[in-house]
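What follows is a set of notes on a single structure, which appears directly below.
Each value in this text was obtained by applying a stated rule to the coordinates, not by laboratory testing. Here the structure is a predicted model, which means the values were calculated and not measured. Here Cβ is always computed from backbone atoms with ideal geometry, including for glycine, and neighbour counts include all displayed protein chains.
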Amino acid sequence: MDFGLSGKSAIVCASSKGLGKACALHLAREGVDLVINARTKSTLDATADEIRAETGWRVTAIACDVTTPEGRAEILAACPSPDILVNNAGGPPPGDFHDWQRDDWIAALDANMLTPIELIKATVDGMMDRGFGRIINITSSAVKAPISILGLSNGARTGLTGFVAGISRETIAKNVTINNLLPGPFDTDRLNSNIAAVAAKKGISNEEEAIARAASLPSGRFGHPDEFGAACAFLCSQQAVGKADAATFRLQSGG
Ligand code: NAP
């Protein structure tokens, strides 16, 4: 199927690895020019080279922290009028809510709620004027099934969900959709570090914990980032015109 994206431009935040990288790669395969981003320049440049080598499309790598105003300004300077915006950043740390201070909450809100809102604010009017726009927010299945140790993530990402569900009711009339992708467990560095932390706490090996966790999922396995990237590319396609009352699409391979 031709997704009708050839010649479009996209900003994909936090995309040198994992789910963001998979989204970037699948968009490039559809002929989209990319601005990709992460903090670690060496990994980001390697990812840009990999995507260019496979697809031949233009990839601009902006090494910065997307959760800062300066970082967002750098990204927007490289692509002031994107047709597609994929919002992503690292997730907040797990923990016990008794230990979290105001600064911990502000950091989580900055990274996982206010950063996407700022980038949407900077780009959505142009998308509406041009009559095409696709905004994807990578959030978490914890929005629908909150996990107690991930309270910072549950709170910040649920706030983002409420905000975008509201504005998507205005943007859809101009062919600008806003969808949230809510990953369950996907096989990335982040998942592997979470598994290592739990395994250490239980006193078992990482492999034992990974096998037990995967077995607890309806599919019996973790999702692959490639599956996530494919879903992202479809939601950015000309065919994926959303309904104003359905801003949230759930992708959770595991359960
Ligand atoms: P990952 O494999 O660890 O990749 C994270 C990517 O984001 C890297 O490219 C990292 O590069 C970049 N990044 C992190 N913080 C950044 C920042 N402040 N500014 C710019 N780039 C930044 O993680 P992932 O599994 O793909 O997770 C992506 C998102 O999905 C996270 O918010 C995570 O919490 C959420 N999620 C993941 C899962 C899962 O199972 N994988 C499940 C639920 C939710 P640098 O470190 O070099 O910046």
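Points to keep in mind about this one:
- Residues in the range 19-63 that are within 12 Å of the ligand (Cβ to nearest atom), surrounded by fewer than 19 Cβ atoms within 10 Å (Cβ to Cβ) and not in a strand (DSSP E or B): R39, T40, K41, S42, T43, D45, A46.
- The residue pairs whose first member lies in the range 20-42 and is within 14 Å of S237 (Cβ to Cβ), whose second member is of a type in the set (S, T, N, Q) and part of a strand (DSSP E or B), and whose beta carbons are closer than 7 Å, counting only pairs six or more residues apart or on different chains, are V32/S9.
- A single member of A210, A199 is within 15 Å of the ligand (Cβ to nearest atom) and either part of a helix (DSSP H, G or I) or closer than 25 Å to K144 by Cα (or both), and it is A210.
- Selection count where residues are surrounded by fewer than 17 Cβ atoms within 10 Å (Cβ to Cβ) and either free of Cβ contacts under 8 Å to residues at least 24 places away in the same chain or more than 15 Å from the ligand (Cβ to nearest atom) (or both), scope the range 75-90: 3
- Residue within the range 15-29 that is aliphatic (A, V, I, L, M) and more than 25 Å from G184 (Cα to Cα) present: no
- Matching residues, the range 143-195, being within 14 Å of the ligand (Cβ to nearest atom), free of Cβ contacts under 8 Å to residues at least 24 places away in the same chain and in a helix (DSSP H, G or I): N154, T158, N192, S193, I195
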